[in-house]
Amino acid sequence: MKTLVIHAPDHAVKGRGAASFEHILSTSVGPGYAISNNDIGKLTIPGSPVVLLRKDRHKARAEGRLIDIVPTGKYTRNGRQRHDVRIAGLKLVVYKPEKLNRFGYAVI
């Protein structure tokens, strides 16, 4: 089963008003990720594992299960649809890095 990895960097919170790692951990919703339809098709919804990462100097990792990926109706400048990632059972775990694409996520 494929795993969705999403990134919640501190610089995006300060620069663009994105949700922080702590906010996503407490609400179980990762807002506004530009995930391609091709990558969404690789995931089992619901049920795929989800990893929430913070890769800056305050490294942190949480893991849970995917509930749903919901289109927001908003798009990136190059026309990619943004999605909210709904997650169940997020729990802090020992930090381990993952490679991400330029949109701040990976499907591994």
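The numbers here are math on the coordinates, done by the rules we state, and not lab data. Just so it is clear, the model here is predicted, and its values are computed rather than measured. Cβ atoms come from the backbone with ideal geometry, glycine included; neighbour counts cover every protein chain shown.
Structure values in brief
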{"item": "Mean residue ellipticity (222 nm) of the chain, computed from DSSP H runs ≥ 4 via -39,500 (n - 2.57), nearest 500", "result": "-4500 deg cm²/dmol"}
{"item": "Fully extended contour minus Cα-Cα distance, from residue 108 to residue 2, at 0.36 nm per residue", "result": "37.6 nm"}
{"item": "Aspartates and glutamates with Cα under 19 Å of residue 2, excluding same-chain neighbours fewer than 8 positions away", "result": "39, 63, 68, 84, 98"}
{"item": "Euclidean distance between Cα centres, region 69-89 to region 40-54, Å", "result": "13 Å"}
{"item": "Label-point gap, in nm, between residue 58 and residue 26 - each point 7 angstrom along Cα→Cβ", "result": "1.2 nm"}
{"item": "Tail fraction, Cα-Cα pairs, the chain, threshold 25 Å, whole percent", "result": "11 percent"}
{"item": "Summed residue charge, Cβ within 13 Å of residue 71's Cβ, Lys/Arg positive, Asp/Glu negative", "result": "+2"}
